[in-house]
Amino acid sequence: MTTLQHQHTSLLHEDNNFKTAELYNEATEDYEFWSRDYNMHFGYYSPTRSNLFRRDSMLNEMNRQIFTRLTTNNNQTFADLGCGMGGTMRYGLRHFQNLSIHGVTLSEFQATEGNKMLAGLNGNIKIEDYNNTSFQSNSLDGAIAIESFCHSGHSNDSFAEAYRILKPGAKLVVSDAFLKKEIKDLCPGGSCCYKNLCNGWSLEKLGNIPSVKKSLEEIGFSNIVIEDISFRVAPSVLHVPFAISGFVLRKILNHEKLKAQTINNLKGSLFALLSGVQMNNFGYYIITCTK
Ligand SMILES: C[S@@+](CC[C@H](N)C(=O)[O-])C[C@H]1O[C@@H](n2cnc3c(N)ncnc32)[C@H](O)[C@@H]1O
């Protein structure tokens, strides 16, 4: 990448970070309607472990799936890169012993309220950019990024920073929606959903799976496993219209106005659903890779 291209990417990140912080400072509270545990992601349906009608059982199963892909021995320290309210961190800290987890987010609201919810657990949330953290190089036993790297467009900067902070042999686990092809190859319907999804949720862009794999290899990651879990995630995506209707109805009955960022968040959710059904264009993946 030339210096000019790098400066351009950094400016894009800066502009988007500002919008992302604004979105989550205002709209994070709304997620209580999505998840009592404040899991700000989609779920993983496992017939033996989750219930199709109980959303939090699928959202927490996603947390479990992520931790099972990290090596969870005793006395390990993980980073949650884009940790929201720390829902995944609390899951890990409650289910695995002698673990400590540091989360980073851009949102002041999430850091303040998330840290209150982490009281008594071995974790904390800081306000930092996951593209440029204060973690020491080669210091962490694992890193997680659930539906967070999409905000920086699954950029090389995010993966390279994760690589820097991991110890050799440690794993990065990313769970997110990706494109299956290049943006220019999307059909008009796909392109419309994609643009609205990115605008609503303040995403720079979504990476496409073949390019992301190539970037991870170039950065130096090995044992790259890419799992298409779209069908596991679909049942929780199908909860979106019901969750949105219930949420809006409650607001109307309480005579509450919808805030600008709440509307953006609802738009993002709706277009996530519309994108999710276009399985030729979009897919939901868990990527596990080793430094
Ligand atoms: C959809 S939420 C997911 C939160 C959490 N991973 C979860 O699953 O509950 C996206 C999170 O990514 C964070 N985020 C986005 N861009 C970021 C950046 N550049 N640096 C740090 N955090 C970022 C947001 O602040 C938010 O907490």
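DSSP loop chymotrypsin sites (Phe, Trp or Tyr not before Pro) in region 8-92 with at most 13 other Cβ atoms within 10 Å of their Cβ, which ones?
On the way: sites: PHE18, TYR24, TYR31, PHE33, TRP34, TYR38, PHE42, TYR44, TYR45, PHE53, PHE67, PHE78, TYR91; in loops: TRP34, TYR38, PHE42, TYR44, TYR45, PHE53.
Qualifying residues, ordered by number: PHE53.
So for the chain, Kirkwood radius off the Cα pairs, Stokes-Einstein at 4 °C and 1.567 mPa s: how many µm² s⁻¹?
This corresponds to a translational diffusion coefficient of 68 µm²/s.
Test of the criteria: in region 3-57, which trypsin sites (Lys or Arg not before Pro) are in a DSSP loop and have at most 13 other Cβ atoms within 10 angstrom of their Cβ?
Sparse-neighbourhood loop trypsin sites (Lys or Arg not before Pro): ARG36, ARG49, ARG54.
With a ≥ b ≥ c taken as the square roots of the eigenvalues of the C-alpha gyration tensor of region 157-245, please select rounded if a/c is under 1.5 and otherwise prolate if a/b is larger than b/c or oblate if it is not? All intermediate terms of the calculation are to be shown ahead of the outcome.
On the way: a/c = 2.12, a/b = 1.62, b/c = 1.31.
Note, shape of region 157-245 comes out prolate.
Which distance in Å, rounded to a whole number, links the C-alpha centroids of region 227-258 and region 44-116?
21
For LEU238, project a label point 7 Å along Cα to C-beta. Then give me every residue of region 24-59 with its amide nitrogen under 11 Å of that point.
Flagged as within label range: 52-53.
In nm, to one decimal, how far is the modelled label at GLU29 from the one at PHE231, with both set 7 Å along Cα→Cβ?
4.2
Identify all aspartates and glutamates with a Cα-Cα distance to LYS195 below 15 Å; exclude those on the same chain that are fewer than 8 residues away in sequence.
Within reach: GLU182, ASP185, GLU204.
Give me the extension gain from GLN136 to THR3: residue separation times 0.36 nm, minus the current Cα-Cα distance, reported in nm with one decimal.
Separation in residues times 0.36 nm, less the Cα-Cα distance, equals 45.4 nm.
Pairs LYS19/LYS184; LYS171/LYS251; LYS184/LYS251: which are spaced more than 31 Å apart, C-alpha to C-alpha?
LYS171/LYS251; LYS184/LYS251
Pick out, in residue order, every one of the GluC sites (Glu not before Pro) in region 127-230 that is DSSP loop and has at most 10 other C-beta atoms within 10 Å; say none if there are none.
On the way: sites: GLU128, GLU147, GLU161, GLU182, GLU204, GLU217, GLU218, GLU227; in loops: GLU128, GLU147, GLU182, GLU204.
Those that pass, being in a loop and sparsely packed, are GLU182.
What does the extension gain come out to for THR68 and LYS167, with contour length at 0.36 nm per residue minus their alpha carbon separation?
Stretched fully, the THR68-LYS167 segment lengthens by 33.8 nm.
Between ILE252 and PHE18, what FRET efficiency follows from the Cβ-Cβ distance if R0 is 41 Å, with the result rounded to 0.05?
Result of the calculation: an efficiency of 0.85.
Suppose the chain between ASN115 and SER10 were pulled fully straight at 0.36 nm per residue; how much longer would it get relative to their current alpha carbon spacing?
Working it through step by step, the gained length comes to 34.9 nm.
Bear in mind these aren't lab numbers, they're just calculated from the coordinates by the rules spelled out. Computed from a predicted structure; not experimentally measured. Every residue, glycine among them, receives a Cβ derived from its backbone with ideal geometry; neighbour counts consider all protein chains shown.
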